[in-house]
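Input: a single structure, listed below in structure tokens.
What follows is calculated from the coordinates using simple rules that are stated; it is not laboratory data. These numbers were taken from a predicted model, which means no experiment stands behind them. Neighbour counts are summed over all protein chains in view; Cβ atoms, including those assigned to glycine, are modelled from backbone coordinates with ideal geometry.
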């Protein structure tokens, strides 16, 4: 790939914009309508999850979608508020100990700004690989735990009570203390709402399909459950004045588009939110890329990781100047966008326009929307995120991953999202280092009559008193050099007639400085007591590097192309050397 | 290895003690005398480096040596104060902001206690592998930077001025500000002392060898430079009352053995010193094991890593109850012990007895010892620790190691020892993850007429329009799964006729949960667009694990024993499938 920098590299809209035509316009506008129907109630609800006024969710959607469309490389990723980021925003804001809504919004804007700048910098510095340090099972455990916490945080609205907390203990204790406030009208509205949304997605969808309706129409109707619920419950509340029966309404939501505002740049706030922004950015990026990559591959399209960072960064910065909170690509929404036929990022742009219309025109109606409807929408949305299979699968497949998964799941639930994800990342890195620090190695012998060498413990093979053959099934680097040293010296102590140690390097993909120095030390120590060190079957790229080092200049033994050549060459020396 | 626990497992003295005889006694006592001569002035000087009264160095030596002899597995490791740990102790104590000597000693004892408990726990839990996370070049850079800081901290005594500081900037600024205090008699004494010590080691040693004297005698005389210097300068100060000329004397050193005391267990102090103790323990352990392992291998003996942790832990705990400060195995001293013929840990026990005698009888004489003599001893001792070769070597051999080395070296010098080593460890882990997150992979084709597959970019090979063959030269784990996914999807986008992707896994030593899930996702995504995923040449241990997973149950393609078999099998499908 050429490294020449052109504007279109950083502004993908200039690439796809040139080939935009009517067919794409139709596809994109259809998708935009369906996504907008789905997004509006979700955006309002997710703002409440983050502990912010509902309109903030719409503002974040408008600018998140629009700016990502200019800079992003995915044709189908739908950017906006997502459940996990809303929860992480709530956790970050809770640490600040403020309760005034306008101060909370200001802090959320700063969080989005920090997150945007961080993502943008990673993208410009081409450091997208940092997202790789999150292992799949850790993310999956984190998302499951987050979904539980989000679900629990919504139970208060479902019961008509009030609760708060950043972890399962606080939430349950808080809910337990408010049980005498349960409002049964609210509970009934909630259960009915959940039933309607679920039925739209399943029963209604298959009914419509059976009736012979087209795919897109089915998709849009089946996804309109939340809107139907919002309308129905709103009308019920208005007609029967259910607020007087204790049903909590959304209340006054200011109409109009967000004004351009500047986030709070005070140093203390930036310091308090810095690490939250970093964690939140990485989670958001990993989630976005994961869905964008899957959807792109289905159409044999490609996304560019570093440009995705720039796109998400720009979206968050834009959001931070327009009264929003952190955004990223949402999974279910992007899948809907994809299924609905979105052809280019223009679909996102149109969704943004539609949501802006909602913000301009329909805000007064929202007064009558009960909070329990929004809670039902969230509960149905986060339910599919629950996935405990990582726990069982990792237990079966890899105990190291199981440790990381358990730590992430339980610390997120019991302590909170930030400690949870940070510990998970740390645990997976340490477990990886631990595993590779004790690599699989085998003392090998020759299968009689062949040139094949196998583990002496598993096979009946021939060995020689003066030769120690070791195969190392791992790259050599600082975490396992001591293991290698200890292994060779301990095996050596058991072979009194030893003259040659041969390391078979077929599976050694890398040799770092520590390993190089250890090999030099082993070579020196062995040669002082009259034992030669040999290498066999070293890979080309490794050999290219080793050949220039002092290890090769001082190697007491030789470097053999095949292990059998080495053994053939060296076993002759079993004859008394003095006899020569 | 049997896991039955016996007392002798944890108390190696019961093993070697049974076979102790007169020959070993003679060897051990000779070595003990030589090491004691070397250790006494060093121990006094190192206590000053740590910012503690000189006798603390002797106390630490007595109990460090004696207790390690009971629990340690190395026959030649000489435990006691060492330069780098003294510097780290000074840094840890400086953070406390106390200046009263008795309080400093109490804090040093607590530090030794925490370090001892930490090492002991690691040993009992068999967690010695944690020391592996320190890469060689990082340790070497850290020791070089520490040697510079120690050397600079001694310049004040060499000039007769006063200075202080925890990094090169503070030390140089402090020295610069005290230049008008230079005492030229002190400078002369210092330069003469350095000259004598260096001459004893080099000129005198070769002179004696030429005169036909035996090895041990030469070793002991050549190593007695510090004692000669201490005696000479002490006599000069006494005779000419040089203290009245501004030469700083050691002053009153309390005679007698240390009393049994209890370290300060206050929670605040423990919290303040905790991380310092952890860092110091790991550095001490790595240093000890490194020298013990080299010396043991030279005699085809073995040490046990986890028991070494127990030995060093016990030594530090003992030291903490007898007014000492953190200890570990010293490099040069252990080499001298080895060369002098130490046969068993009893040599260390005897050295301890000899030093106890010094503490009992010779303390009053030390009053006249000038500080400049001790500074000279330290300067000569730390000079060989300077080794900048890691910088150049890593630049040539591995840029990733170079980054870690530079960070360690410069942060240790410019900020201090603790930040320096912690950043170095972090940098080497991150660089390792970075490297393996972008593994070497090759699209491969067949060398015509053979069964060999080679990189298409390097060799003239045959490829097939419907097949994409990829060889991965790295274990698959969370840090490189995204790379793999991106690679396959981007290569796929370039081959419109693609039907089969074959991954050649000869160099894949591990597949973790993230990689497994990524392979499942790739398999699913490819099969949705009609492309099959195949594996070839998967290693036995990996296959054992994969065979039980859903990946294998759902794999759209097959698993081939050889890559050639796969290509032979699949290339036929190039014929139009509809023709069947």
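What the table below lists for this structure:
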{"item": "Rounded to 5, the percent of DSSP beta bridges in the protein assembly as shown classed as antiparallel", "result": "45"}
{"item": "Mean separation of Cα contacts under 8 Å (6+ apart) over length of the stretch A:441-575, as relative contact order %", "result": "23"}
{"item": "D (Stokes-Einstein, µm²/s), Kirkwood Cα radius, chain A, 1.306 mPa s at 10 °C", "result": "58"}
{"item": "Proxy reagent accessibility, fewest Cβ within 10 Å first, across A:115, B:428", "result": "B:428, A:115"}
{"item": "Nearest-first distances (nm) between copies at residue A:367, label 7 Å from Cα via Cβ", "result": "9.6"}
{"item": "Cα centroid of the stretch B:475-524 to Cα centroid of the stretch A:427-478, whole Å", "result": "26"}
{"item": "Helix A:267-298 axis, angle to chain A major axis (alpha carbon atoms, nearest 10°)", "result": "80"}
{"item": "Three-way shape label, the stretch B:79-123, alpha-carbon gyration tensor, a/c 1.5", "result": "prolate"}
{"item": "Dimensions (Å) - the stretch B:261-405, Cα atoms, principal axes, largest first", "result": "54, 45, 38"}
{"item": "For residues of B:472-485, the mean tally of beta carbons on other chains within 10 Å", "result": "6"}
{"item": "Most to least packed among A:152-159, A:484-491 [average Cβ atoms within 10 Å]", "result": "A:152-159, A:484-491"}
{"item": "Partner chain coverage, peptide B:500-511 - average Cβ within 10 angstrom", "result": "3"}
{"item": "The stretch B:76-113 versus the stretch B:29-56: alpha-carbon centroid distance in Å", "result": "15"}
{"item": "Alpha-carbon Debye profile of the stretch B:430-580, log10 I(q)/I(0) at 0.12 Å⁻¹", "result": "-0.48"}
{"item": "5 Å-binned pair-distance histogram of the stretch B:481-565 (Cα, whole percent)", "result": "3, 14, 26, 29, 19, 7, 1, 0"}
{"item": "Kirkwood-type radius of the stretch A:417-457, with distances r between different C-alpha atoms, in Å", "result": "13.3"}
{"item": "Calculated label separations, residue A:6, copies of the chain, 7 Å along the beta-carbon direction, nm", "result": "7.7"}
{"item": "Ordering of A:101-112, A:40-51 by packing [mean C-beta count within 10 Å, highest first]", "result": "A:40-51, A:101-112"}
{"item": "Length-normalised contact order for chain B - Cα pairs under 8 Å, 6+ apart - percent", "result": "23"}
{"item": "DSSP-defined antiparallel bridges as percent of all bridges, chain A, nearest 5", "result": "45"}
{"item": "Tilt relative to chain B, helix B:83-94 - C-alpha long axis, 0 to 90 degrees, to 10", "result": "80"}
{"item": "Distance between the stretch B:275-316 and the stretch A:550-567 - C-alpha centres, whole angstrom", "result": "31"}
{"item": "Residue B:389 versus residue A:182: modelled label distance in nm, points set 7 Å from Cα along the beta carbon direction", "result": "7.7"}
{"item": "Residues listed by number, the stretch B:86-112, amide nitrogen under 20 Å from residue B:252 label point at 7 Å toward C-beta", "result": "B:99-106"}
{"item": "Calculated label separations, residue A:207, copies of the chain, 7 Å along the beta-carbon direction, nm", "result": "10.9"}
{"item": "Between helix A:417-437 and chain A: long-axis angle, C-alpha atoms, 0 to 90°, nearest 10", "result": "20"}
{"item": "Average partner coverage of A:290-300, which counts Cβ from other chains inside 10 Å", "result": "5"}
{"item": "Beta bridges per DSSP with both ends in the stretch B:420-503, % antiparallel, nearest 5", "result": "65"}
{"item": "B:569, A:100 arranged by Cβ crowding within 10 Å, fewest neighbours leading", "result": "A:100, B:569"}
{"item": "Relative packing of B:270-278, A:80-88, which averages over residues the other C-beta atoms within 10 Å, highest first", "result": "A:80-88, B:270-278"}
{"item": "For the stretch A:109-209: rounded, prolate or oblate by the Cα gyration tensor [a/c cutoff 1.5]", "result": "oblate"}
{"item": "Compactness of the protein assembly as shown, expressed as Rg and Dmax over alpha-carbon positions, Å", "result": "35.2, 115"}
{"item": "Spin-label pair residue A:462/residue B:232, simplified geometry with 7 Å Cα→Cβ offset, distance in nm", "result": "6.6"}
